[in-house]
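Okay, so here's the structure we're looking at.
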Amino acid sequence: MTSRRKVLGGALVTVVAGGAAGAAWLTEARQPEGQGSATAQVPTATAEVTRGTISERFQINGTFGYGATYPIVHLGQPGVLTGITAAEIMVARGARLYAVADQAVRLLYGRLPAYRDFEAGMTDGPDVRQLETNLVALGLDPYRRLTVDGHFSAATATAIRRWQAAWGLPSAQRSGSLPLGQVVFQPGAVRITEALATIGAMAQPDQPVVTVTATTPVVTAAITADRRRLIKVGDRVALTLTGTAPFPGTVLAITRPPAASGQSGSSDGGGVESPFQATISATPPSGTGTLEQAPVLVAFTRQTHENVLTVPIVALLARPGGGYQVRLESDQYVPVEPGLFDGTAGRVEVTGDLTPGQRVKVPAS
C-alpha cells in the first residue's frame, strides 16, 4: 500500500499543482466537515460517477510529419530543366513532377522502378504490367481492350497515345511509346518537399531533381529501451495536439533511427536517449492547419480494466489520516481506493460506496 500511495500521490501532484484553485481544493479536503473558510472560497461543479473501461497510459512526445524524405532521380536523357512542381504540392497518378526540355516527367504508381523504354516489341515483364495497371486506372482504356498481363500490345500503345493526346501533343508526336525517364514509379502519391536543381540548368542522368515524402501524415516518437517492450506494431494510441481532443492513431513500425547505430540515440524530448522510434498513422481533426513538425502527445496504453467505477481525477481529495475520498453533491464524503489512472481522459478507477449516476464535486473550470 505504501508504494501505491506514493504513485497515487505523484499523480495527484500532477493534477492539482497547475494553479491556486487546485491547491485550495486539496486544502479544503483536509478541513473537518463544516469548518474552515475554504469551502466558501472554492467554486465547484459536479461530475458523474460512471461505470466502464479505463486504461492506464503513459505519454511521450511526438512530432507530426510525412515520414522519410527521399530524392527522385532523373533517368532520362540530358536536357535543360524547364519546370519543377512547387514544394508542398501533392502529386498524384499521372501528374507532372518536373519537365526537361519542355517534356513532362510524370508520376505513376508501382513499387518496381522504371528501367527501360516502354515500346512495341519489348519483352514481357512486371514493369509492363505495372504500366498497364496505371493506364487502366487513368481511364485510358475506355473500350476495355487492354489486358493487364505484362505484354506490350497494340492496346497498350493505343492507351499511351490517348494519354499523349491528353497532354496536348500533336498527332505526329503521339508515338504510343514512353522512353526511359518519362515516367517515374512510386508506391503512391507524393508530396514535393524541395527542389534539388535549378530551372535553366542541365538535368543529367542519375541527378536528383526533387525530394518527396508520402502524402499521409504520420507521427514519429522516440522510444526509450525500457518502454520498447510495452509497445508493438498495431497498437492503438491516443494523440493530442495543442487545443484538440485526443484522436486515434496506430503504430505502423518500430525502428532504430540512424543516430542509434552510432554513439547515441535520439531523444524522447526529456533528455533521455532513445534507441527506438515509433511511426504512427494518424488522421488529425479537420481544421488543424499545417502539421509539419507540430508537437503532439502520444498516449500508449499500459493496462486496461473493464466494468469499473470511474470519477474525474480532480474529484479525488486527500482524506484526514491518509487515503483518498470524494465529496458527493450532497456534501457527504465517501472514502475511495484509487486504481488505474487515465491521465489522457482525466479519469481514475475507484472502489468505494458509490453507484453509477451519482455526482461528485470537482473544482469549477
- Select, from D226, D235, the only residue that is open to solvent by less than 50 Å² (accessible area, probe 1.4 Å) and among the charged types (D, E, K, R). D235
- Hits in region 76-114 (condition: closer than 23 Å to R161 by Cβ, in contact (Cβ under 8 Å) with a residue 40 or more places away in the chain, assigned to a loop (DSSP other than H, G, I, E, B) and over 29 Å from the mean Cα position of the chain (by Cα)): G76, Q77, A114
- In region 206-216, residue nearest to I60 (Cα to Cα) [restricted to those that are at pLDDT 95 or above and open to solvent by 40 Å² or more (accessible area, probe 1.4 Å)]: P208
- Item | Any chance V219 is in a strand (DSSP E or B), closer than 30 Å to G346 by Cβ and open to solvent by less than 30 Å² (accessible area, probe 1.4 Å) | yes
- Query: Out of curiosity, is A120 open to solvent by 30 Å² or more (accessible area, probe 1.4 Å), in contact with a Phe, Trp or Tyr (Cβ under 8 Å, 6 or more places away or on another chain) and modelled with pLDDT of 95 or more?
  - Reply: yes
- Item | region 173-194, residues that are more than 21 Å from L138 (Cα to Cα) and either open to solvent by less than 10 Å² (accessible area, probe 1.4 Å) or over 25 Å from the mean Cα position of the chain (by Cα) (or both) | I192
- Note on the structure: From the option list T198, T211, single residue qualifying as over 20 Å from T288 (Cβ atoms), in contact (Cβ under 8 Å) with a residue 60 or more places away in the chain and not in a strand (DSSP E or B) is T198
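Residues are listed down the side, and each one gets a yes or a no for (1) open to solvent by less than 60 Å² (accessible area, probe 1.4 Å); (2) of a type in the set (A, V, I, L, M):
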| residue | (1), (2) |
| --- | --- |
| T50 | yes, no |
| S55 | yes, no |
| G83 | yes, no |
| R96 | no, no |
| Y115 | no, no |
| L135 | yes, yes |
| L140 | yes, yes |
- Kindly check whether there is at least one residue in region 244-267 that is modelled with pLDDT under 95, among the polar types (S, T, N, Q) and under 24 Å from V362 (Cα atoms). yes
- Task: Residue by residue through region 336-360, note down the ones that are under 11 Å from I313 (Cα atoms), open to solvent by 20 Å² or more (accessible area, probe 1.4 Å) and not acidic (D, E).
- Result: F341, G343, T344, A345, G346, R347
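The values are calculated or read from the model by the stated rules, or taken from the named source; none is laboratory data. The structure displayed is predicted, hence computed values, not measured ones. Note that we place each Cβ from the backbone using ideal geometry, even for glycine, and neighbour counts take in every protein chain shown. Just so you know, the surface numbers come from the protein's heavy atoms only, side chains and all, with ligands and any DNA or RNA stripped out. Shrake-Rupley method; radii C 1.70, N 1.55, O 1.52, S 1.80 Å.
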